[in-house]
Amino acid sequence: TCALPISFLSDLVIKGDYTNSAIKHQLEFLFSIKTGSFPLYAPGFDGGHSSIALTLSQSFHPISYLASILPGYWDGKAIEWNNFIKLLSLGITQLVLFLFLRKMKIETLISFLLSFITVYNLRMFVAFRFGAPLEAHTGYLLLCAMIGGYFISPRKWFGPLTIIGATYLLICSGQPPDMYYGLLAAG
């Protein structure tokens, strides 16, 4: 099985839990919210648990809502838009880490390489395959960069707001174990 995370450029897509769980649950939750209902039971999930256990749908994460308002999301392009936004979030995370490392007065090339291998590694690839852990991965990295940036140059409102925003992204990532580990590591 090939796992290439750029299905909008190729016929090859991520296999496993991403297409079988995360996107379907996201569609189910967002459709329920859009129509004013709430799914109480998901028969196919782990023997039939309540659908609130389907945290992979990321019902409180901005990426889910951003993807749902893009053209074609409800017409079969949900995976493509989610892939695009997830790749964009990885790029933004690398940029934030790069700027943090430059703020620490580390050379440009070394800052780029460190931020690159911190964001794009085998853990990221596995997280991408499962869907929600990728948002925990990027949320954790953003939170660490925001905390570090705040201690380097504290700002009255901007620093705490970015820390709160990154913490929110980590908490509502949809992957509780990774969220707990991320909060523990950032603490």
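The table below lists the values:
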quantity: Segment 86-113 residues that are over 12 Å from Leu141 (Cα atoms) and in contact (Cβ under 8 Å) with a residue 40 or more places away in the chain, paired with ones that are hydrophobic (A, V, I, L, M, F, W, C) and surrounded by fewer than 15 Cβ atoms within 10 Å (Cβ to Cβ) (beta carbon under 9 Å, 6 or more apart); calculated: Leu87/Ile6; Lys103/Ile152; Met104/Ile152
quantity: Residues of segment 133-187 classified as closer than 26 Å to Ala22 by Cα and of a type outside the set (A, V, I, L, M, F, W, C), total; calculated: 18
quantity: Segment 75-87 - residue that is open to solvent by 90 Å² or more (accessible area, probe 1.4 Å) and in a helix (DSSP H, G or I) and, of those, farthest from Gly149 (Cα to Cα); calculated: Asp75
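The values are calculated or read from the model by the stated rules, or taken from the named source; none is laboratory data. Please read these numbers as outputs of a predicted model, since none were measured by experiment. Glycine gets a Cβ as well: all are built from the backbone with ideal geometry, and neighbour counts include every protein chain shown. Just the protein is used for accessible areas: all its heavy atoms, side chains included, with ligands, DNA and RNA removed. Shrake-Rupley method; radii C 1.70, N 1.55, O 1.52, S 1.80 Å.
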